[in-house]
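The values are calculated or read from the model by the stated rules, or taken from the named source; none is laboratory data. Everything numeric here is computed off the predicted structure, so don't read it as measured data. Cβ placement follows ideal geometry from the backbone for every residue including glycine, while neighbour counts extend to all protein chains displayed. Each accessible area value is taken on the protein alone, full model and side chains, heavy atoms only, with ligands, DNA and RNA left out. Shrake-Rupley method; radii C 1.70, N 1.55, O 1.52, S 1.80 Å.
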Amino acid sequence: MSWPPHTEAEVRAAIEARDVSESNVLDMKATIGNTDSQRRGTAKDLASFAVDGGALLIGVLEHKDTKTFEAVPIDMHDVIEQIEQIATNRVDPPLVVRPREIPSGEDGRGYVWVDIPASPDAPHMVDGRYYGRGERTNRILTDADVLRLHQQRRNDRQRVWDALDELRSRDPFPGARLNGDVAQRPRAQYGHLYLTATPRRAAPNIAQRLVWEGVDTLPQVANAMERNLPIVLSGGVSELSPYVRPLQRSSAASLSNIVGGDVTTIEGNEKRGFDLRLQADGSIGLTVTCVSTPSQGHRSGRARDVVLLANAWRLLGWVKTVAEETGYSGTWDVGVHATELFGTRSLVFSDAARFDENDGLPFDENDYREVASATRVDLEDPAMTVRALTEPLLRALGTWQYWTTLIPSLSTGSARP
């Protein structure tokens, strides 16, 4: 089956080839239902898939006696709104789903593909009961199941914090490391940005081949990826210079223009640049220097929020590439950590022609950290994950409206970069 289908021809071809089956990530429904009981059933389907992510294909009838399927295009009038209302009003807490119409040859009829991303609020309840997904059907979760899932969510979040700390401990500039000996190493004066992405459930050596081949392929992938960034963010990835070096590590492939690279020296041996690591387990770490600049005299330091935005987009581009190359279709846990931000104002407000020097509030903490998750669907349209990673800082700096005006998909999630 074409995954996911975008045309009626793809739906019908999959049915005819018997390449359709219900599983722990896909269910078929002839309709969302007109009765209260049927709508409740659809709500249970949505809630069950929200634990690990999945999809519904509506407009396909299952003949249980023969275990075959039949295309039965439905009336598309208001169906998207009805699905969203079920997800919002019948599921507790309300669930975010992404329905998409697939028109048929019959006017006003078609199919609906509903992506249900793995929810950070899972498990979800319907009529006071928690639901999860078995191999082919929904199941009511026990109290032990619910406690285990909540603990698993906490563990997933902690794993991101640990990955960020580990990445910082490898910063090519020793003075920026968390436990750096400032007596022996000059302290970093410029803020550094750390971004990580880890597949939530994957084989330990899922990306081993990419690591072995990375020295030959990473530069080409990087150059192609930069062209997919929103044009207004190009200044945020200017650290990608022509002097990028691919490096083979013990358990990772690395792309860097800091380690041995001919890049601009900021201060001492602190350089403006980036260092990307791809681990054998599929995890990705990206270190970017100069996410903030220090104060100079009476002028406050500057937070380069464009660097945060651009490299969050860049990270998700790498995640999508690794997911495609390894065949991993599950959820990724992603995180960001920016340092040396206390007292900084956004660089956006340094344009005297448009803003006053004192516009925007100075950031009142030294570090900014945020965690999010990204599903297969999120990687196709990364704006919402970028938003989750960056919005709190951008709002604190007073630049959220500025950036959503330039990049509308940050607020709508509907437009690709």
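In table form, for the structure just shown:
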quantity: Residues of region 128-164 classified as in contact with a Phe, Trp or Tyr (Cβ under 8 Å, 6 or more places away or on another chain) and charged (D, E, K, R), total; calculated: 3
quantity: Residue check for residue 70: in contact with a Leu (Cβ under 6 Å, 6 or more places away or on another chain), modelled with pLDDT of 90 or more and in a strand (DSSP E or B); calculated: yes
quantity: Tally, over region 111-169, of residues that are outside any helix (DSSP H, G or I) and within 30 Å of residue 367 (Cα to Cα); calculated: 6
quantity: Complete set of residues in region 87-99 that are touching a helix residue (DSSP H, G or I) at 6+ places or on another chain (Cβ under 8 Å) and open to solvent by 20 Å² or more (accessible area, probe 1.4 Å); calculated: 90, 94, 96, 98, 99
quantity: Top-ranked residue of region 49-62 - restricted to ones that are modelled with pLDDT of 90 or more and out of contact with any Leu (no Cβ under 9 Å at 6 or more places or on another chain), ranked as most open to solvent (accessible area, probe 1.4 Å); calculated: 61
quantity: Scope region 374-417; condition under 15 Å from residue 331 (Cα atoms), modelled with pLDDT under 85, β-branched (Val, Ile, Thr) and part of a helix (DSSP H, G or I); matching residues; calculated: 377
quantity: Among (1) assigned to a helix (DSSP H, G or I); (2) closer than 20 Å to residue 131 by Cα, the one test that residue 95 misses; calculated: (1)
quantity: Restricting region 259-317 to residues that are acidic (Asp, Glu) and assigned to a strand (DSSP E or B), the residue that is modelled with the highest pLDDT; calculated: 275
quantity: Residue match in region 360-375 (condition: buried (at least 21 other Cβ atoms within 10 Å of the Cβ), under 16 Å from residue 197 (Cβ atoms) and charged (D, E, K, R)); calculated: no
quantity: Those residues of region 154-177 which are surrounded by fewer than 14 Cβ atoms within 10 Å (Cβ to Cβ) and modelled with pLDDT under 90, in sequence order; calculated: 154, 155
quantity: Out of 65, 36, 45, sole residue that is touching an Asp or Glu at 6+ places or on another chain (Cβ under 9 Å) and among the charged types (D, E, K, R); calculated: 45
quantity: Filtered residue count, region 1-52, keeping only those that are of a type in the set (Lys, Arg) and assigned to a helix (DSSP H, G or I); calculated: 4
quantity: Selection from region 117-139 of residues that are more than 11 Å from residue 50 (Cβ to Cβ) and open to solvent by 80 Å² or more (accessible area, probe 1.4 Å); calculated: 127, 129, 135, 136, 137, 139
quantity: Pair list, Cβ under 9 Å, 6 or more apart: region 136-162 residue more than 14 Å from residue 332 (Cα to Cα), other residue of a type in the set (S, T, N, Q) and open to solvent by 80 Å² or more (accessible area, probe 1.4 Å); calculated: none
quantity: Given (1) in contact with an Asp or Glu (Cβ under 8 Å, 6 or more places away or on another chain); (2) at pLDDT 75 or above, index of the condition residue 251 fails; calculated: (1)
quantity: Qualifying residue in region 1-11 (condition: more than 19 Å from residue 132 (Cα to Cα), open to solvent by 70 Å² or more (accessible area, probe 1.4 Å) and among the charged types (D, E, K, R)); calculated: no
quantity: Residue in region 107-115 that is out of contact with any strand residue (DSSP E or B) (no Cβ under 9 Å at 6 or more places or on another chain) and of a type outside the set (Asp, Glu) present; calculated: no
quantity: Contacts under 7 angstrom Cβ, first residue in region 56-70 being under 18 Å from residue 42 (Cβ atoms), partner polar (S, T, N, Q), 6 or more apart; calculated: 58/31
quantity: Residue identified as closer than 18 Å to residue 314 by Cα and out of contact with any Leu (no Cβ under 9 Å at 6 or more places or on another chain) among 380, 391; calculated: 380
quantity: Selection within region 73-86 - hydrophobic (A, V, I, L, M, F, W, C) and either part of a strand (DSSP E or B) or surrounded by fewer than 17 Cβ atoms within 10 Å (Cβ to Cβ) (or both); calculated: 74, 80
